[in-house]
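Undergrad: The structure that follows is given in the form of C-alpha cells.
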Amino acid sequence: MVKLTMIARVTDGLPLAEGLDDGRDMQDAEFYKQQVKALFKNLSRGHNEASRMSIETGPYIFHYIIEGRVCYLTMCDRAYPKKLAFQYLEDLKNEFERVNGAQIETAARPYAFIKFDTFIQKTKKLYQDTRTQRNIAKLNDELYEVHQIMTRNVQEVLGVGEKLDQVSQMSSRLTSESRIYADKARDLNRQALIRKWAPVAIVLGVVFLLFWVKTKIW
C-alpha cells in the first residue's frame, strides 16, 4: 500500500507537492517525512545517486525517480510490488510535467504546486489494491522492468551524505587554518626582519643626524 508521496526539486531540495492526507494512519509519519527531506537535501548537495532507486527504511521502502531536475518519491509497505510503485511514480511524473513543467524552475516557495494533491490522491486510489485487473495487467507488463533498480538501506544512503558533509567541513576548516597559519608566518617573518635591521637603521639614522648637525655648525 502507498503510504507517502512527496515531490521536490533536486537542485535545492525545495518541496513542490505532496499527498496531503498521506501518513494519517501511521504513528511515525513525521519521522519518515523527515527522512525524505534529508534524502532531498542530500540530492540537492550533489551527492550522486541513481536516477531510480529503492531505499529500505524500517517496515517500509522508499521508491523514487529523478527526471527533469525533479524527484518523485513514494513510501510503501515492503510487500507492495516494486513494479507498481514505479509505475505509480511514472504516472505522477508525466502529469506533473504536463501541468507544471514550465513553472518548476521558477517556483520560489515550498509546496508551490500543492493543488497537485488532487491528482496524487486520485492516482493513489488506482494503485492501492494490487488485485484489481488493471494492476494485475501492469504487473504482467513485460515491457516495464524494475529488476535493475538498486535497493539500498536508508542509513547507508543518508550516512554517505553525512560523511561527505563532514569531509567537506573538515576540508574548509583545514583551508581556513592554513590561511591563518600563513598569515601568522608572514607576521613572524616581518617581525624578525624588523628586529634584524632595526639596530642598523638606528645607527645609520644617528650617523646621518650627526653629519647633518656637523654640516650646519660648519
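The values are calculated or read from the model by the stated rules, or taken from the named source; none is laboratory data. Remember, it's a predicted structure, so these values are computed and weren't measured experimentally. Ideal geometry is used to build each Cβ from the backbone, glycine not excepted, and the neighbour counts take in all protein chains shown.
Undergrad: How many residues are closer than 19 Å to Thr123 by Cβ and of a type in the set (Gly, Ala, Ser) when one looks only at segment 8-31?
TA: Let us first name the residues in segment 8-31 that are closer than 19 Å to Thr123 by Cβ, namely 8, 15-25.
Subset that is of a type in the set (Gly, Ala, Ser): 8, 17, 19, 23.
Matching residues across segment 8-31 total 4.
Undergrad: Go through segment 104-126 residue by residue and tally those that are in a loop (DSSP other than H, G, I, E, B) and among the hydrophobic types (A, V, I, L, M, F, W, C). Before the answer, list the steps.
TA: Applying the first criterion (in a loop (DSSP other than H, G, I, E, B)) to segment 104-126 yields 104-113.
Checking which are among the hydrophobic types (A, V, I, L, M, F, W, C) leaves us with 104, 107-108, 112-113.
The total comes to 5.
Undergrad: Let me ask you something else. Keeping to segment 127-167, report how many residues are out of contact with any His (no Cβ under 9 Å at 6 or more places or on another chain), part of a helix (DSSP H, G or I), of a type in the set (Val, Ile, Thr) and at pLDDT 75 or above.
TA: So the count comes out to 2.
Undergrad: Find the residue count for segment 8-38, including only residues that are over 16 Å from Ile61 (Cα atoms) and aliphatic (A, V, I, L, M).
TA: Counting residues in segment 8-38 that are over 16 Å from Ile61 (Cα atoms) and aliphatic (A, V, I, L, M) gives 6.
Undergrad: For Leu73, only one of the following conditions fails: (1) in contact with a helix residue (DSSP H, G or I) (Cβ under 8 Å, 6 or more places away or on another chain); (2) more than 21 Å from Met26 (Cβ to Cβ). What is its number?
TA: All conditions pass for Leu73, except number (2).
Undergrad: Okay, next question. So Leu16 fits all but one of (1) in contact with an Asp or Glu (Cβ under 9 Å, 6 or more places away or on another chain); (2) in a strand (DSSP E or B); what number is the exception?
TA: (1)
Undergrad: Next question, about the same structure. In the set Tyr111, Tyr80, which member is touching a residue at least 40 places away in the same chain (Cβ under 8 Å), under 17 Å from Met6 (Cβ atoms), in contact with a Pro (Cβ under 8 Å, 6 or more places away or on another chain) and surrounded by 15 or more Cβ atoms within 10 Å (Cβ to Cβ)?
TA: On the way: Tyr80 fails: in contact with a Pro (Cβ under 8 Å, 6 or more places away or on another chain).
The unique qualifying residue is Tyr111.
Undergrad: More than 23 Å from Arg78 (Cβ to Cβ) and of a type outside the set (Ser, Thr, Tyr), is that true of Val36?
TA: Values: more than 23 Å from Arg78 (Cβ to Cβ): no; of a type outside the set (Ser, Thr, Tyr): yes.
Criteria not met by Val36.
Undergrad: While we're on this one: Can you find, within segment 47-77, the residue that is surrounded by the most Cβ atoms within 10 Å (Cβ to Cβ) among those that are of a type outside the set (A, V, I, L, M) and more than 29 Å from Glu105 (Cβ to Cβ)?
TA: Only one residue fits best here, namely Cys76.
Undergrad: Residue check: is Met1 touching an Asp or Glu at 6+ places or on another chain (Cβ under 9 Å), surrounded by fewer than 21 Cβ atoms within 10 Å (Cβ to Cβ) and among the hydrophobic types (A, V, I, L, M, F, W, C)?
TA: Here the answer is yes, as Met1 does meet what is asked.
Undergrad: Tell me which strands (runs of 3 or more DSSP E) are completely within segment 24-88 and hold 2 or more residues being of a type in the set (D, E, K, R) and either modelled with pLDDT under 90 or under 25 Å from His147 (Cβ atoms) (or both), or say none if there are none. Spell out the reasoning first.
TA: Details: elements: 52-57, 60-67, 70-77.
Because the criterion is at least 2 residues that are of a type in the set (D, E, K, R) and either modelled with pLDDT under 90 or under 25 Å from His147 (Cβ atoms) (or both), the strands (runs of 3 or more DSSP E) in segment 24-88 that meet it are 52-57.
Undergrad: A further question on this structure: Go through segment 182-198 and give me each residue that's at pLDDT 75 or above and of a type in the set (S, T, N, Q).
TA: Gln191
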